[in-house]
Every structure is written in structure tokens, then in C-alpha cells.
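Visitor: One structure, as C-alpha cells, below. Some questions next.
Values quoted throughout were computed directly from the atomic coordinates according to the rules given, and no laboratory measurement underlies them. Quantities reported herein were computed from a predicted structural model and do not represent experimental measurements. Cβ: placed from backbone, ideal geometry, glycine included. Neighbour counts: every protein chain shown.
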Amino acid sequence: MSISIHMNPDLFKIRKDFPILDQKVNGKPFIYLDNAATSQRPQQVIDRMNEFSHRFNGNIHRATHFMANKTTEAFEESREMVRNYLNAVEPAEIIFTHGTTESINLVAFSFGEAFISKGDEVIVTEMEHHANIVPWQMMCERRGAGLKIVPFGDNGVLDLDQIDKLITDKTRILAVTHVSNTLGTVNPITEIIAKAHLKNVPVLIDGAQAAPHFSIDVQALDCDFYAFSGHKMYGPTGIGVLYGKRKWLDLMPPFLGGGEMIDRVTFSKTTYNEIPYKFEAGTPDYLGAIGLGAAIDYLNRQDKPMIERYERELLLESTLKLKQIDGLKIYGEAPEKAGVVSFNIDGIHPFDLGTLLDQMGIAVRTGRLCADPVMDHFGVENMVRASFAFYNTVEEIEALYIALIRLKAMF
Ligand code: PMP
């Protein structure tokens, strides 16, 4: 395959790191454009996880033997790598979960138990993934609180003025996505956090679509919680992260009970462990955490500003190309956008498009993209979504464009 060395001189090397990309699907060169759903893993992550599967296994934190020490050490090393990746103050503020969904559920439950009462309010936005809506709805129902929504305009930009109007003295927390998984919008979270903090409202950031692509500094952002998933940032499935400021985590009750989260158990009373263990009940996915550490190590070895520039080029190129297709509508054209392009083509069902593209070896996402309110905003049932990673090429975007032209002619 030819490569666009002019934009990313390391592309050839990077593609070699991802063995899954070098194969045929349905007899055609595999083109993977579903990175917002899950990203592929470099050989370095696979090797690290294989090494542990082959040579080291012992349940963490609970034994004094060699195997348990090996896995415990690697698990805690990964926590330190995540701390460093997010620039958190201390490793205790990094909680391993199973993914963004669990991280947000943890905060909605535990923060809700500690700080939300009848008549209080929670703010989310219209562009959230269901994982950043439903846990808050469940908590609001349990605690008798209300949910308020920050709307976005047809260009996919949040109406920030509404935030000032929606925050009242009853607002207890604001939850917003860093990058929208449907519209690609990169939200001005620094500004949003500052607005909320001005009124003493803490902020949770859903970073599922941002952590793989941008440098994150939770201290500079001053966010109260930041959640992301390993499998979207070139790591394994089953592992995720919740960053939380100690001042909140210390005051929040545990989410799940059992295992490492206890200090002392008696039938009359159980006391709890310190953070982060208070929130890590049961055997965690330590192999997953070790794999996530390897993914972070891999990312740290890349030229991050170059990757950001290159992914922006991929977005610009794909937007430019797809717009040339008659009857194709792109949803979300915010000036600050990540590598996500959601669209429909007049007269072609998105599922037909997805299935036929798959036959051409091209993987895109189709459906409601776990964002029903975004579908409702635009009055559509489904969308097609192409999403990019730094191993994608301009040639792959060209192939998508040509495939769509062919399919349009077919219908
Ligand atoms: N939030 C956003 C913005 C997402 O894109 C996703 C994954 N599609 C999630 C949350 C949920 O992530 P996970 O399924 O890994 O828990």
C-alpha cells in the first residue's frame, strides 16, 4: 500500500506496529475506520500481555509469592503510568475500572449517595453518549434529583451561554464529554469547567474519545473527574480509568463491595480501605491494566504533536472528499473537531451502506451510535460513522470516497 509520508513520516513504521491492519477482509485490503468504537492494538501491547499470560500470573495484592508480586508490581506501575499520562497529583487518584461506562456509573452512584438529595440538579449535555446520560438518570431517580440538558446547535457546538442559565444553587455536578463520539466536537472543557467552578459545581469529563488523541492534564484542566477506556486508546478491552480529585474520592462511599475495598470486616460493621482501593472491589482486570500501561508507553514514544496534526489532516481530507458526494450530509461541523465524521446519503439506508462497505473491506460504524438524543436532534434514525486513528492513511479515505461513489451509483 502506498503511504502518505509527506504528512506522517513515521506512518510506515506505525502501520507495521499494528499487525491486524495488514490483512484482507472479504478479499479486499482491510481498511479500519471504526476507531471511535474501539481501536486496534500495537504488537508492543500484545507482546506485553502475552509475556504476562505465559510467564507471570498471581492475584494482585493478596499474596507474598513471586507471581503475585510480579503482577502487583506491574499493575501498580500501570497506575503510575496513567497518573503520569493524566498528570494527576498522586496515584491514589487513579482508579482502575472496566471502562468509561463503569467509571461514570461509579461517580453517579457514589457521588450521588454522598452529595445529592431531593430537589438537587445535575447537568449533562444533549451530545452525550448514553454512558454519560443513563447513570445520571438512574441516580436522579434514586435520589429525587432533576436532570438539566445543555443543548447544541446544528453545527454541533454546545450553547455555552445556556450553562450559565442552567446552573442554579441546586446544581451539584455537571457531566460533559470532552469529544463527542457522534459529532466529533471537541468541547471547550477548560471554559466549561471554569464556568462551573465559578459557581462551586464540580465537573466530570467523559474522555473516552479524547484520551487516545490529545494530551490530557487534569491539573491544568482542574476537572474533578475524568473517565476513559483502555480499548479506545490502543489498549485491551475490559480496563478503564476514573481519575478523581482526592477531596471528592475520600468523601464518596464505595460503589461495589468485597475484595480489596475493605479495611476490616465484622458482622456488626465493615470499614473501608483507602483510595484508590476503596473503589476497586474484587479481582480487577490486572492483565488489562498491564496492557493499558503498555499502550500508554507506546503512545508516549510517539511524536504526539505530529500525531495530532496528522489526525487533523485526516479529518480535513475526509470532510473535503465526502462533501463532494451529492446527497451526503455530515452531522456536526464544529470548528474544533476530532477525527469523527458521521453522515447519511439520501436514499440509502445506513445499514445497507455499512454492509456493502464491509464487503469492500471497509469497516465503519452504523446505527444510533449510543446517542439517541443526537439522532433525535437531527430527526434521523441512524447514521454512518467513519472515525480515524493515526495509523489510517489518506489512501484509505480515498478508498472510502470511491466506494461511496460506487454505492451511490448502484442505488
Ligand atoms: N463515552 C463516549 C464518548 C464513548 O464514545 C464511549 C464508547 N463508545 C463510552 C462513553 C463508553 O465507553 P465503554 O463502552 O468503553 O465503557
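Visitor: Taking the alpha-carbon centroid of each part, what is the distance from segment 343-411 to segment 132-169 in angstrom?
Guide: If we compute the Cα centre of each part, the gap is 29 Å.
Visitor: Taking square-rooted eigenvalues a ≥ b ≥ c of the alpha carbon gyration tensor, is segment 47-300 rounded, prolate or oblate, where a/c under 1.5 means rounded and, failing that, a/b exceeding b/c means prolate? Before the final figure, lay out the partial values.
Guide: On the way: a/c = 2.31, a/b = 1.42, b/c = 1.63.
Oblate is the answer for segment 47-300, as a/c is 1.5 or above yet b/c matches or exceeds a/b.
Visitor: Run the paramagnetic zone check for ASP164: 7 angstrom along Cα to Cβ, then residues of segment 195-238 with backbone nitrogen under 19 Å.
Guide: 195-202
Visitor: From the Cα gyration tensor of segment 13-95, with a ≥ b ≥ c the square roots of its eigenvalues, which class applies: rounded if a/c is under 1.5, or else prolate if a/b is larger than b/c, or else oblate? Kindly include the intermediate steps, with their values, before the conclusion.
Guide: Working: a/c = 3.27, a/b = 1.73, b/c = 1.90.
Oblate is the answer for segment 13-95, as a/c is 1.5 or above yet b/c matches or exceeds a/b.
Visitor: Please give, to one decimal in nm, the separation of the simple spin-label points placed at GLU395 and ASP346, each 7 Å out from Cα toward the Cβ.
Guide: Distance between label points: 3.4 nm.
Visitor: Per-residue ellipticity at 222 nm for the chain, helices alone: DSSP H runs ≥ 4 residues times -39500 (n - 2.57), over residue total, nearest 500 deg cm²/dmol? Could you put the intermediate results ahead of the total?
Guide: Numbers: 14 runs with 161 residues, N = 411.
Counting only the DSSP helices, I get -12000 deg cm²/dmol.
Visitor: Work out how much length ALA37 to SER53 would gain on full extension: take 0.36 nm times their residue separation and subtract the Cα-Cα distance, in nm to one decimal. Present the calculation step by step, with values, prior to reporting the outcome.
Guide: On the way: separation 16, 0.36 × 16 = 5.76 nm, distance 2.58 nm.
Additional length available on full extension: 3.2 nm.
Visitor: Go ahead and run the numbers for FRET between MET67 and ASN87, Cβ-Cβ distance against an R0 of 35 Å, rounding to 0.05. Working shown, then result.
Guide: Working: r = 32 Å, r/R0 = 0.92.
Taking R0 as 35 Å, the efficiency between MET67 and ASN87 is 0.60.
Visitor: Normalised by the number of residues in segment 72-217, what is the relative contact order in percent for Cα pairs under 8 Å and 6+ residues apart?
Guide: On the way: 210 pairs, mean separation 33.7, N = 146.
Relative CO of segment 72-217 lands at 23 percent.
Visitor: Gain in length, LEU198 to GLU381, computed as 0.36 nm per residue apart minus the alpha-carbon separation, to one decimal in nm?
Guide: On the way: separation 183, 0.36 × 183 = 65.88 nm, distance 3.84 nm.
Extra length available between LEU198 and GLU381 comes to 62.0 nm.
Visitor: Using the alpha-carbon atoms, what tilt in degrees (0 to 90, nearest 10) does helix 189-198 show relative to the longest principal axis of the chain?
Guide: 40
Visitor: Measure off 7 Å from each Cα along the Cα-to-Cβ vector at THR271 and GLU80, then give the distance between these two points in nanometres to one decimal.
Guide: 2.9
Visitor: On to the next question. Would you please classify the overall shape of segment 292-397 from the alpha carbon gyration tensor, given that a ≥ b ≥ c denote the square roots of the eigenvalues, rounded means a/c under 1.5, and beyond that prolate means a/b larger than b/c while oblate covers the rest?
Guide: On the way: a/c = 1.76, a/b = 1.72, b/c = 1.02.
In terms of gyration-tensor shape, prolate.
Visitor: With angles folded into 0 to 90 degrees, how steeply does helix 43-55 sit against the dominant principal axis of the chain? Use alpha carbons for both and round to 10.
Guide: Computed tilt is about 40 degrees.
Visitor: How far is the Cα center of segment 113-131 from the Cα center of segment 266-305, in Å?
Guide: The two parts, judged by their Cα centres, are 25 Å apart.
Visitor: To continue, here is another question. For MET306, MET360, what ranking results if the residue with the fewest other Cβ atoms within 10 Å of its Cβ goes first? Could the numbers behind the result be given before it?
Guide: Values: MET306 14, MET360 19.
Neighbour counts put them in this order, fewest first: MET306, MET360.
Visitor: Give, in nm to one decimal, the length gained when the segment between GLU333 and PHE411 is fully stretched (0.36 nm per residue of separation minus the Cα-Cα distance). List each step's numbers first, then the result.
Guide: Numbers: separation 78, 0.36 × 78 = 28.08 nm, distance 2.68 nm.
Here the segment from GLU333 to PHE411 would lengthen by 25.4 nm.
Visitor: Count charges around HIS130 for me, please; just the other residues with Cβ under 13 Å from its Cβ, Lys/Arg as +1, Asp/Glu as -1. Before the final figure, lay out each step's value.
Guide: Details: positive: ARG368; negative: GLU126, GLU128, ASP206, ASP372, ASP376.
So the environment of HIS130 carries a net charge of -4.
Visitor: Quick one: order CYS140, CYS223 by neighbouring beta-carbon count within 10 Å, fewest to most. The partial results should precede the final answer.
Guide: Working: CYS140 18, CYS223 27.
Listing CYS140, CYS223 from fewest to most nearby Cβ atoms yields CYS140, CYS223.
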